[in-house]
Each structure stands twice: as C-alpha cells, then as structure tokens.
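Only the coordinates and a few stated rules stand behind these numbers; no lab work does. Quick caveat, the model's predicted, so the values are computed rather than measured. FYI the Cβ positions are ideal-geometry reconstructions off the backbone, even for glycines, and counts take in every protein chain you see.
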Amino acid sequence: MCGIFGLITNQNVNIGKVALDGISRLEYRGYDSCGIVSQSNGKLEIKKDSGKIREIQEKLHLEKLTGKIALAHTRWATHGPPNKINSHPHTDCTGDIAVIHNGIIENFMELKKDLVSKGHEFKSETDTEIIPHLIEDNIKAGMNFRDAVIQTLKRCRGAYGIATCYAKNPEYIIIGRKESPIIVGIEEGKTSYCASDIPALLPYTKNCYIMGDDELAILKPGEVEFYDISNSVKLIEKQPQLIKWDVDAAEKGGYEHFMLKEIFEEPKAMKKTLKIAPKNLKKFATLLNSAENVYITAAGTSFYASLAGKFIISRFLGKYIQAIECSEFQTQLNNSLEDDAVIIAVSQSGETVDTIEAIRWAKENHSNIKILSITNIVGSSITRYSDHTLITQAGPEIGVAATKTYCTQVLTLALIGLEIAKMRKQIPDQDIDKYYKALKETPNVIEEFLNKNVENIKRIVDNLEKNANYFFLARGISIATAKEGGLKLKEVACRFIEGYSAAHAKHGPISLVREGFPIIFIAPPDETYERLIGNVMEFKARGGQIISLVVSDDETIAELSDITIKIPQPATKYYNLFSPLTFIPALQLLAYYAAIKNGLDPDKPLNLAKTVTVH
Ligand code: M6R
C-alpha cells in the first residue's frame with residue numbers, strides 16, 4: 001500500500017513531470033493523498049495535499065518542481081486521516097530532510113515520545129514522521145547522511161520501504177527496505193530510479209534490482225550501491241532481473257478503464273500462462289503427490305481462485321486440500337500444522353503481508369514444510385519464502401480489482417491438477433487429453449463471450465440496479481465463482497452482494513427474498529446441476545427474480561429464469577471442471593458496468609489499495 005517513486009539524475013529533465021508520471025503509474029497502490037519533494041540549490045521544495053493525483057496536480061502544478069532529485073508518494077492512509085498534513089513527504093525540524101514511506105513503524109509511539117522529550121516538533125499524526133526526526137538527531141550527533149539513515153532504520157520495528165533525501169547532500173538519495181517492496185532501475189551514467197512497483201520503472205528500464213529485507217541502497221545519478229544492514233553494514237552485489245512486460249501493458253490503450261482493458265486481456269494472459277514450462281509444473285505435482293497434508297492459502301480474489309483451484313487439484317490428487325484464508329492460517333493451525341505439510345500460497349502481488357506471514361510462520365516453525373507459491377510478480381517477497389514458484393503470465397494488472405490475474409491463477413492451479421493426473425495415472429489418458437483440450441479452449445470461450453455480450457450485460461445491469469441487494473448462488477466448484485463475482489460487485493460497484501452456497505442459502509439467507517429480489521444462479525451443467533434446479537425453484541416460489549449463467553445449449557434452468565446469460569462452451573464434464581474460468585468474465589463485466597452506472601471509478605474503489613501490506 002502507498003506508492004513510492006524517486007529519482008536522481010544528472011540530465012536536464014523536467015523532474016516534477018517525471019516524478020508525477022512515476023506516482024501516477026502507482027496510483028493503484030493508494031489514492032487518498034499525494035506529494036512530491038524536489039531538491040535544488042541546497043533546498044527542498046514540497047508540494048502535497050489530499051485527493052487523487054489529478055486533482056492535486058490541477059491545484060498545485062506538481063510538474064513545475066525543479067532540481068536533480070525528486071521523491072514522490074501516493075498514500076493509502078494508516079496513521080492519521082488523509083489530509084494535507086499527513087500526506088508524504090514528511091520532514092524533520094529543520095526542513096532539510098524529507099522522507100517518503102510505505103509500511104508501518106510499529107514502535108513509532110515510543111520513538112516519538114523520546115524525540116518529543118528531546119525537543120522535536122511533530123506536525124502530523126503519522127508514524128512516518130519519526131524517521132526524518134531520527135535522521136536529524138543522528139546527523140546532529142555527527143553521523144554522515146548514510147550512517148544517520150542506517151542507524152535510524154535499525155531503531156524502527158515493523159515494515160518499511162523508504163526513500164529519503166537531504167538538502168545538504170546533493171550527491172545521493174537513500175532507499176531502504178524491510179517487508180515493504182521497493183525496486184531500483186538504472187539508466188547507466190544518467191539517472192537512477194526507485195519505485196515500489198514495476199510499472200513505474202517500465203518507461204525507463206526493464207532491468208530492475210529487487211531489494212531484499214534489511215537492505216539499503218545509495219542512489220547516485222546512473223549508479224547504485226547496495227548494503228546489507230541486518231548486522232554490520234556490508235556492501236553487497238546484486239544482479240538485475242529482466243522484466244518482460246511491455247510499457248504499453250501498463251497503459252489504458254484506448255479503454256476507458258484499466259478494469260475493462262484487463263477483462264478483455266484475459267484470453268491473451270491465459271494463452272501465455274498455458275505456456276508455463278512443464279518441468280516447473282512437475283515440481284509442484286511431485287511434491288503435492290507425495291504430501292500427506294496439503295493446504296492452500298491466500299487473500300481476497302486470490303483466495304477465491306484458490307477455492308476453485310483446490311477443487312480441481314483435489315479431484316486429480318485424490319486427497320482433500322484445505323483452503324485457509326491467510327489471515328487465519330496461523331491462528332487456526334497453531335497446534336495442528338503437520339511438520340511435513342505442503343502449502344500452496346497464491347498472491348498476485350506476492351506482497352500481501354498476511355499471505356507472507358502465514359508461510360513465514362509455517363516455515364520457521366516446521367522445518368520440513370514445503371512452500372509452493374503462485375504469483376504474478378517476479379522477485380516478489382513471496383518467492384523468497386518459497387521452495388518453488390510459478391509465475392502467472394497476466395502482465396501488469398493496474399485496476400485495483402483483480403480480473404485477469406484471477407483467471408491466470410485458476411488456470412495455473414488447473415495445469416498443476418492435470419500434471420498430477422498424468423503422474424498418478426488414475427484416470428485414462430484419453431480423459432486427461434480431453435481435460436487438456438478443454439482447458440486450452442477456455443481462452444477462446446472467454447474471447448467469444450466478451451466479443452458478443454457487452455450490450456447484453458449492460459442491459460442486465462440497467463435492470464438490476466433498481467435493486468439494492470442480491471445473491472449470487474451456486475453449488476460445488478461454482479461457489480468459488482459466486483464468491484469472486486460477489487466480491488467484484490461489492491468492491492467496484494459498492495453494492496452488497498452475497499456469493500453463497502445455493503443449498504446453504506435456505507438455512508437463513510432465503511428469508512431476505514421478496515417479490516422481485518434478484519438471484520443470480522451460476523449453473524454449469526456439472527454434477528450439481530439437478531440439485532441446483534431444486535434451489536432455483538425454491539427461490540422462484542418466493543418471488544425471486546431468477547438470472548442464470550448457463551452454457552449455450554442449456555434448456556432447463558434457462559427456461560426457469562427471467563434473464564439468462566449464455567456462456568459459449570460445450571456441456572461436457574471436461575469443460576465443466578474449468579467453469580470458474582469461463583463463467584467469471586460475465587460477473588466481472590456485470591461489476592464493471594454496475595460501477596459505471598453508479599458513477600464510480602472501477603479502477604479506484606473506495607478505501608482500497610491494490611496491494612495490502614498491513615495486517
Ligand atoms: O496480491 P494478492 O493477490 O495477494 O492480493 C489479495 C487481495 O488483496 C486481492 O485479491 C483483493 O481482494 C482484490 N482487490 C480483489 O479484487
């Protein structure tokens with residue numbers, strides 16, 4: 001959460017504009033306030049305020065900042081409301097040291113008390129502000145800027161990605177990391193950049209240095225030095241990682257919103273993900289096959305992808321996989337996690353703090369545990385705690401609502417499932433071939449659906465929006481689809497939609513149903529279909545308006561429904577198993593157009609940020 005971007009250059013560039021572009025590319029990380037500091041002629045100039053970047057830009061003209069150093073920040077508030085004073089950068093008492101920060105300094109109260117007793121004056125309610133004051137104290141005690149920052153970070157507990165500059169030191173800026181991501185990109189001999197995420201660096205370089213925990217970097221124009229500061233301070237060598245994303249992939253490319261663009265990119269992202277190297281899938285399959293106990297853990301959309309994935313894998317593995325939300329993982333398994341379990345962790349960003357904490361706790365307390373992760377981001381934190389990682393090939397996802405990454409996650413889990421099926425030889429080869437064929441067809445099914453259904457979905461949204469609440473109901477594997485569809489609508493359209501088991505709904509939720517209450521049934525023709533008909537009837541009998549998501553040649557549930565959305569796929573068991581992939585775009589589009597109809601920005605849902613790096 002929070003986006004950091006910074007640069008130091010010896011080139012004649014419009015530094016305010018470059019910094020502004022940098023944070024604009026990271027706005028999905030937080031968008032309640034923003035600010036930039038620039039450094040020139042021994043002075044810092046800061047422009048900051050609350051609001052979206054575009055609004056602040058119009059008011060303050062951030063691009064007019066000049067100099068050879070700039071640090072920029074877009075905030076998701078934790079400590080102190082989103083107002084001008086709490087927005088970053090924060091400075092010390094002299095106004096010469098500026099800091100931008102992503103993360104939480106857990107011991108800030110105690111540090112602040114100490115600083116106040118020494119006469120430091122604080123302006124904001126943030127935890128961040130203690131950092132420039134601590135640096136100031138250390139400089140006053142005779143340390144140079146670098147050592148002052150190192151000693152400051154050593155006193156901070158919690159998580160941070162920071163960047164700092166000092167008006168009296170035009171030679172370098174400093175960045176540091178513990179748990180909150182920060183990366184470095186270099187244009188050799190000219191400019192050095194730092195950012196909390198890859199899209200901000202794509203216009204300048206595809207070679208990124210990914211900082212590890214307790215590392216610090218000194219950035220000079222076009223050069224960088226890295227230090228390990230965990231114990232004594234050691235200069236370290238780091239190799240850059242090549243990022244294969246195109247700069248265009250992080251642009252809207254003619255679409256009104258990233259969310260819509262990313263839904264339409266699903267077929268392409270899935271086709272790329274289908275090419276994951278079989279040898280890497282095999283590593284996952286081998287470990288899962290030999291494990292006694294398997295868990296899968298994640299948050300939000302990644303958790304719902306995990307629910308779909310565990311269903312598919314369990315089917316071929318012949319063992320039940322327990323899915324546990326990452327924030328509950330440690331509490332629920334405190335006394336029962338087996339020493340030799342295998343844990344699959346799924347995270348688009350690879351930085352979700354609760355997911356990281358779950359696997360770190362498991363690894364630290366159980367020496368034989370194996371961690372298998374699935375993420376979209378090369379070099380992200382999750383990869384460091386994993387024995388093996390698979391990288392989904394969704395490309396950058398900028399919309400806060402996860403869409404194409406959900407599809408690539410479910411697809412990757414399905415590929416693992418089929419690899420296990422091949423390994424175990426419990427089902428005939430011809431069947432496995434048919435499952436593969438169906439899975440490989442899913443991007444085409446989605447493409448066809450998207451190309452033909454936009455107007456249809458808009459019409460349904462027009463009809464639905466008269467009503468405040470509704471249900472998404474399903475059975476079996478489609479409960480994952482119902483939950484993910486419900487999450488999308490809550491998140492971007494601000495409507496209360498419950499994704500629920502159709503069978504379980506009659507144990508309480510059905511009491512909400514009145515004449516015209518809309519219920520969307522997700523109804524692939526799988527083994528749950530006949531029972532789902534019964535559930536449709538129950539809701540219909542109570543006056544519910546039935547909207548169904550069915551395959552093209554469905555007749556029964558379609559006939560019982562007031563509105564039908566048809567997914568162009570064959571009604572075979574091979575396709576049905578992958579219906580969480582082919583059915584979800586309809587619900588994503590529904591959420592998108594509902595947001596538009598409600599006058600909301602689907603790319604920046606209220607109170608959210610794309611990557612959740614706080615507990
Ligand atoms: O980066 P991760 O996949 O770990 O993120 C997990 C959730 O925060 C994320 O899926 C969130 O629920 C999305 N905003 C949903 O659209």
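In degrees, nearest 10, range 0 to 90: what is the angle between the Cα axis of helix 130-140 and the longest Cα principal axis of the chain? For 130-140 against the chain, the angle is about 20 degrees. Which residues in region 240-255 place their backbone N less than 14 Å from a point set 7 Å from the Cα of LYS206 along the Cα-to-Cβ direction? Answer for region 240-255: 241-250.
Taking 7 Å steps out from each Cα toward its Cβ at LYS440 and ASP246 produces label points 2.4 nm apart.
Residue ranges 571-584, 219-232 sort as 571-584, 219-232 when ordered by packing (mean number of other C-beta atoms within 10 Å per residue, highest first). Neighbour counts of other Cβ atoms within 10 Å put THR331, THR9, THR611, THR74 in the fewest-to-most order THR331, THR9, THR611, THR74.
A simple rule links phi to the HN-Hα coupling: the Karplus curve 6.51 cos²θ - 1.76 cosθ + 1.60 with θ = phi - 60°, which for region 553-563 gives 9, 5, 10, 5, 5, 4, 5, 7, 9, 7, 9 Hz, with x for Gly and Pro. Separation of region 129-196 from region 344-360 is 26 Å, based on Cα centroids. What the phi angles of region 106-111 give under the Karplus curve with 6.51, -1.76 and 1.60, with θ = phi - 60°, is a coupling list of 5, 9, 5, 4, 5, 5 Hz, glycine and proline written as x. Rounded, prolate or oblate: which fits the chain when a ≥ b ≥ c are the square roots of the eigenvalues of the alpha-carbon gyration tensor, with rounded for a/c under 1.5 and prolate only if a/b beats b/c? Because a/c hits 1.5 or more and a/b exceeds b/c, the chain counts as prolate. Give me the distance between the Cα centres of region 25-86 and region 314-335, rounded to whole Å. A separation of 42 Å, based on Cα centres.
Here the gap between LYS140 and ASP340, fully extended at 0.36 nm per residue and compared with their Cα-Cα distance, gives a gain of 66.8 nm.
Taking the alpha-carbon centroid of each part, what is the distance from region 261-283 to region 540-615 in angstrom? Answer, in whole Å: 22.
Using a ≥ b ≥ c from the Cα gyration tensor of region 252-427 (square roots of the eigenvalues), is it rounded, prolate or oblate, where a/c under 1.5 gives rounded and otherwise the larger of a/b and b/c decides, a/b for prolate?
Oblate.
Across the chain, the relative contact order, built from alpha-carbon pairs under 8 Å that are at least six residues apart, equals 12 percent. As a calculated quantity, the FRET efficiency between GLU121 and LEU600 at R0 = 60 Å, using C-beta atoms, amounts to about 0.90. Label positions at ALA571 and GLN332, each projected 7 Å from the Cα along the C-beta direction, are separated by 3.5 nm.
Taking the charge dipole of the chain about its Cα centre, with +1 at Lys and Arg Cβ atoms and -1 at Asp and Glu Cβ atoms, the residue from TYR304, PRO524, VAL492 reaching farthest to the positive side is PRO524. Put a plus charge on the Cβ of each Lys and Arg, a minus charge on the Cβ of each Asp and Glu, and nothing anywhere else: the dipole of region 447-603 about its Cα centre is then about 420 debye.
Which trypsin sites (Lys or Arg not before Pro) does region 171-227 hold that lie in a coil by DSSP with at most 15 other beta carbons within 10 Å? For trypsin sites (Lys or Arg not before Pro) across region 171-227 that sit outside H, G, I, E and B with at most 15 neighbouring Cβ atoms in 10 Å, the list reads LYS190. So if each residue of separation counts as 0.36 nm, and I subtract the Cα-Cα distance between THR286 and GLN11, what length gain in nm does that give? Between THR286 and GLN11, full extension yields an extra 93.8 nm. Lys/Arg Cβ at +1, Asp/Glu Cβ at -1, dipole of the chain taken about the Cα centre: which of ILE510, LEU415, TYR385 is farthest positive-ward? My answer, from the dipole projection, is LEU415. Indicate the gyration tensor shape class of region 3-249 (rounded, prolate or oblate), computed on the Cα atoms with a ≥ b ≥ c the square roots of the eigenvalues: a/c under 1.5 is rounded; otherwise a/b larger than b/c is prolate and the rest oblate. Here region 3-249 falls in the rounded category.
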